[in-house]
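First comes the structure, then the notes that go with it.
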């Protein structure tokens, strides 16, 4: 996709309110410096970063869309390990039911961290909550922060290695956590006036093309309205296949970099790994539906 300067958007960004390294204000500054047309802050299971953005004020000419990424449990009939990630856009951030669901998910994340650290200690890895005091006070401490701690103390040589050796699903320090049923995640986004979108479907490793289509077909009656087609880890063939599927089913196509700042320095806001170009028309499509 060819985009004129200033018309590129990024609708998948994480701040220090969850597991990103930049504050919401720093996210705004970077988006302006990159001449982005519109962004959405999609922190994991929280809208506190979005509230900070609105309290600070959105500088012109940047457009801002309220966002969240909810960790959800897949439908029982599909064999998928870990979470399905449901993105929400353009919802009312003060919706009581949405906030109730997010508070439960935040509590599950908080309860999980000491259990992960206890497992690491049994493996001879000396990390403690004190090592993450600043992160715990300013945002949601999670596995990316623990992975960064492992890297800093020399237990691993990269964030990817931390997940591959210790923190990934099925690895010795992995701890499962509560996830909202995907029907509930989609419903609360809808009820709050927002658009529910399946995040990075190309990363669902257990899904071949027919299985993924079956999964999406099951989510649409629940209220799924969009699919993240444009994503740094979707290759050109995956992107084309997902775009065609979205067109055929009638889902809104969305996209974003999944930017986390220093947590994943290879991914840049707006351009991902250098070849991500999401046109402003996608933001306009979402706004027209909302």
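Observations on the model:
- Test for residue 160: is it in the same structural domain as residue 125 (by TED's automatic domain parsing) and farther than 20 Å from residue 128 by Cα: yes
- Beta carbons closer than 6 Å, at least 6 apart along the sequence or on distinct chains, pair a first residue in segment 214-231 that is assigned by TED's automatic domain parsing to the domain that holds residue 186 with a second that is at pLDDT below 95 and not in a helix (DSSP H, G or I) for 215/78; 218/75.
- Some residue of segment 131-151 being in a loop (DSSP other than H, G, I, E, B) and either within 16 Å of residue 180 (Cα to Cα) or without any contact (Cβ under 8 Å) to a residue 40 or more places away in the chain (or both): yes
- Just one of the listed residues (250, 272, 193) is buried (at least 22 other Cβ atoms within 10 Å of the Cβ), out of contact with any strand residue (DSSP E or B) (no Cβ under 7 Å at 6 or more places or on another chain) and at positive phi, and it is 272.
- Tally, over segment 158-172, of residues that are over 16 Å from residue 262 (Cβ atoms) and either modelled with pLDDT of 90 or more or in a helix (DSSP H, G or I) (or both): 8
- Segment 159-180, residues that are in contact (Cβ under 8 Å) with a residue 60 or more places away in the chain and surrounded by 15 or more Cβ atoms within 10 Å (Cβ to Cβ): 159, 175, 177, 179, 180
The values are calculated or read from the model by the stated rules, or taken from the named source; none is laboratory data. Since the model is a prediction, treat every value here as computed from it, not as a measurement. So basically every Cβ, Gly included, is an ideal-geometry build from the backbone, and we count neighbours across all protein chains shown.
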